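Peer 1: I'd like to ask you about the structure that follows.
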Amino acid sequence: MGSLSPLSVYTLRPILYTKVILFVVLHKWPQANEDTKTQKPQTVVYQGKPHIYNTFKFSNHFLKVLVFSYFRARPAVQTRTSWNAPIMWELMFDGSLYDRKHKEADTAVALTVFAVGRYLEAYLNTFLTSAEKHFMLGLPVTYFVFTDLPEKVQNITLAPQRNIKVVKVEKYSRWQDISMMRMKTISEVIDAVLKYDFHYVFCFDVDQIFKARFGSEALGESVALLDAHYYKLPKHRFTYDRNPKSKACMTEGDYYYHAAIFGGTCEKVKALTDYCYVNIMEDKLNNVEALWHDESHLNKYFWLNKPTKLLSPEYCWDENIGDASDIQLRRLIWAPKDYEKLRTR
């Protein structure tokens, strides 16, 4: 196949824009100034302007055209927030560049997951084995499994630099309390262990299955997940807590975030979990419970403390949603649920 001209590059599909642009910018652009001194330049008229190029060099204007086209690769979805935080969608990043950066930095990641009561047998093994196929591959990862039944956690085959630590926790009488009190547990383990050994921590619900890459592009200082059921809805339909007696009460917000996944640096995740726990306990003292428990408090926190990165619903998709037109890659899906059998009332 012959070499590509600027015009033919411009007509490539968006998935190739990423690789062409990033390859040129990161690998060839720095050396182009030297290389082209000994090469005969060629001129092409494009959009009424002459562009000088050779094997590895495009004019600055043409590169801007390519970059502009690249950032329009997902025109049907929002790819950046009003405070300039990226929203991660397929086609909007090159995972290999993130991987290289974090491998060079020796980034270590902790994953926390709670498997209490019947949830352990129903979901944990599938969650962990699927994570080994797709979660932060190539990076050191330690799974922190919190359960009331540590002896029932099955052994699974782990890749090099991957570990599991099982921590026994109390089983509360109501599933709502199990969900809310995890915030206290996560804060405590960050303080006692994680902040010394890990750069980032991600917190997951166990009733989920990894299906495709969930990689280092998801890492950030403070990471929130757009809820798959709400990301297309108008804000007045978001199910924020509206009870003025609750600390989670919200009258406005940016997005509706799903508490099934959140993450960031140890410092930022501890700040989030401390905020949620303190406000949950204050609600309890006032005999109040937020509408969606810890998720309501998490939404209030992210309204007051904007996340630095948002994960699109590709990172936590519900197959029961009819319209999946925006979802080009299901990275993680909700596992089938039978709450009547699973949850402690």
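Peer 1: Leaving ligands, DNA and RNA out of it, rank ILE321, ILE190 by accessible area with a 1.4 Å probe, largest first.
Peer 2: Ranked list, largest accessible area first: ILE321, ILE190.
Peer 1: Tell me, in nm to one decimal, what length is gained between ASN125 and ARG242 on full extension, where the rule is 0.36 nm per residue of separation less the Cα-Cα distance?
Peer 2: Gain in length upon complete extension: 38.4 nm.
Peer 1: What net charge is computed for the residues neighbouring LEU272, neighbours being all others with C-beta under 15 Å from the C-beta of LEU272, Lys and Arg scored +1, Asp and Glu -1? Working shown, then result.
Peer 2: Values: positive: ARG182, LYS184, LYS195, LYS247, LYS268, LYS270, LYS300, LYS306, LYS309; negative: GLU188, ASP191, GLU221, GLU267, ASP274, ASP294, GLU295.
Local net charge: +2.
Peer 1: With r defined as the distance between the Cβ atoms of LEU291 and GLU151 and R0 fixed at 30 Å, what FRET efficiency is calculated, to the nearest 0.05?
Peer 2: Details: r = 36 Å, r/R0 = 1.20.
So, using R0 = 30 Å, E works out to roughly 0.25.
Peer 1: Counting other Cβ atoms within 10 Å of each Cβ, which GluC sites (Glu not before Pro) in the stretch 219-281 have at most 10 and sit in a DSSP loop?
Peer 2: GLU252
Peer 1: Return one whole number: the accessible area per residue of the stretch 95-334 in Å², for a 1.4 Å probe.
Peer 2: Ligands and nucleic acids excluded, the figure is 44 Å² per residue.
Peer 1: Now, a different point. Determine the shape class of the stretch 171-285: with a ≥ b ≥ c the square roots of the Cα gyration tensor eigenvalues, call it rounded for a/c under 1.5, and otherwise prolate if a/b is greater than b/c, oblate otherwise. Mind dumping the intermediate values first?
Peer 2: On the way: a/c = 1.66, a/b = 1.13, b/c = 1.46.
It comes out oblate by the Cα gyration axes.
Peer 1: The stretch 112-172 to the stretch 78-109: how many Å between their Cα centroids?
Peer 2: Here the two parts' Cα centres lie 25 Å apart.
Peer 1: So, one more: If a/c stays under 1.5 just call it rounded; otherwise compare a/b with b/c (prolate if a/b is bigger, oblate if not). Do that for the stretch 264-321, with a ≥ b ≥ c from the square roots of the Cα gyration tensor eigenvalues.
Peer 2: In terms of gyration-tensor shape, oblate.
Peer 1: Which value, in debye to the nearest 20, gives the size of the charge dipole of the stretch 95-334 about its Cα centre, when Lys and Arg are +1 and Asp and Glu are -1 at the Cβ? Let's see the in-between values first.
Peer 2: Working: 30 positive and 32 negative charges, 30 e Å.
In debye, rounded to 20, the stretch 95-334 gives about 140.
Peer 1: Given axes a ≥ b ≥ c from the Cα gyration tensor, I'd like to know whether the stretch 246-345 is rounded (a/c under 1.5), prolate (a/b larger than b/c) or oblate.
Peer 2: oblate
Peer 1: Could you work out what % of the accessible surface of the stretch 95-334 is carbon and sulfur, using a 1.4 angstrom probe and leaving DNA, RNA and ligands out of the count?
Peer 2: Answer for the stretch 95-334 is 49 percent, counting heavy atoms of protein chains only.
The values are calculated or read from the model by the stated rules, or taken from the named source; none is laboratory data. All values derive from a computational prediction rather than experimental measurement. Here Cβ is always computed from backbone atoms with ideal geometry, including for glycine, and neighbour counts include all displayed protein chains. Heads up: the accessible areas ignore ligands, DNA and RNA and are worked out on the full protein's heavy atoms, side chains in. Shrake-Rupley method; radii C 1.70, N 1.55, O 1.52, S 1.80 Å.
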